[in-house]
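Peer 1: The following block contains the structure, expressed as structure tokens.
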Amino acid sequence: MTEKNMPRLVVQLPEEIEHQIYSQIVALSRQAVAEVTKSVANNKRYVNQAELCDMFKCGIPVINEWRAMGLKSFPKGKSIYFDMNDVDRFIEEKLKF
């Protein structure tokens, strides 16, 4: 069964729990951006999709969802690359409650 064909489970959580989960996700994202910012200082401004997944401890489907939400990317050869400045901006603007 492919991911697209898998049944979905909708879970309703109390608003307070949703806010706690969201806050934790944002905190982890900001931590990842801070780590990446250090890499930018070491001339690591552009990262490929695998590196971005590694930085955010997520899979390619999450990155693809972010791209669908507006995260800028560009092809280079057979790979997809991201400007870490765009990633930082995306986290700040789009991943808000």
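Peer 1: Give the range 5-19 a look and list any residue that's open to solvent by 90 Å² or more (accessible area, probe 1.4 Å) and either of a type outside the set (A, V, I, L, M, F, W, C) or modelled with pLDDT of 90 or more (or both), or say none.
Peer 2: If the condition is that a residue be open to solvent by 90 Å² or more (accessible area, probe 1.4 Å) and either of a type outside the set (A, V, I, L, M, F, W, C) or modelled with pLDDT of 90 or more (or both), then Asn5, Pro7, Arg8, Gln12, Glu15, Glu16 are the ones that fit.
Peer 1: Please enumerate the residues belonging to the range 32-58 that are open to solvent by 100 Å² or more (accessible area, probe 1.4 Å), modelled with pLDDT under 85 and outside any loop (DSSP other than H, G, I, E, B).
Peer 2: Lys38
Peer 1: Hey, can you tell me all the residues within the range 59-80 that are in contact with a strand residue (DSSP E or B) (Cβ under 6 Å, 6 or more places away or on another chain) and either open to solvent by 50 Å² or more (accessible area, probe 1.4 Å) or farther than 18 Å from Arg45 by Cα (or both)?
Peer 2: Within the range 59-80, Phe74 is the sole residue that qualifies.
Peer 1: Moving on. Would you check which residues across the range 20-31 are within 14 Å of the chain's Cα centre (by Cα) and surrounded by 11 or more Cβ atoms within 10 Å (Cβ to Cβ) and list them?
Peer 2: Across the range 20-31, the qualifying residues are Tyr22, Ile25, Val26, Leu28, Ser29, Arg30, Gln31.
Peer 1: Among the residues of the range 84-97, what is the count of those that are in contact (Cβ under 8 Å) with a residue 12 or more places away in the chain, open to solvent by 70 Å² or more (accessible area, probe 1.4 Å) and not in a loop (DSSP other than H, G, I, E, B)?
Peer 2: 1
Peer 1: Answer with yes or no whether Asn48 is in contact (Cβ under 8 Å) with a residue 12 or more places away in the chain and out of contact with any helix residue (DSSP H, G or I) (no Cβ under 6 Å at 6 or more places or on another chain).
Peer 2: The answer is yes for Asn48.
Peer 1: Going through the range 59-83 one residue at a time, which ones are assigned to a strand (DSSP E or B) and either in contact with an Asp or Glu (Cβ under 9 Å, 6 or more places away or on another chain) or not polar (S, T, N, Q) (or both)?
Peer 2: Phe74, Pro75, Lys76, Ile80, Tyr81, Phe82, Asp83
Peer 1: Between a residue in the range 18-30 that is in contact (Cβ under 8 Å) with a residue 24 or more places away in the chain and more than 16 Å from Glu93 (Cα to Cα) and any residue that is of a type in the set (Phe, Trp, Tyr) and outside any helix (DSSP H, G or I), which pairs come within a Cβ distance under 7 Å, given they are 6 or more apart or on different chains?
Peer 2: So the pair list comes out as His19/Phe97.
The values are calculated or read from the model by the stated rules, or taken from the named source; none is laboratory data. Everything numeric here is computed off the predicted structure, so don't read it as measured data. Here the Cβ is made from the backbone with ideal geometry for all residues, glycine too, and neighbour counts use every protein chain on show. The area values use the complete protein model at the heavy-atom level, side chains included, leaving out ligands, DNA and RNA. Shrake-Rupley method; radii C 1.70, N 1.55, O 1.52, S 1.80 Å.
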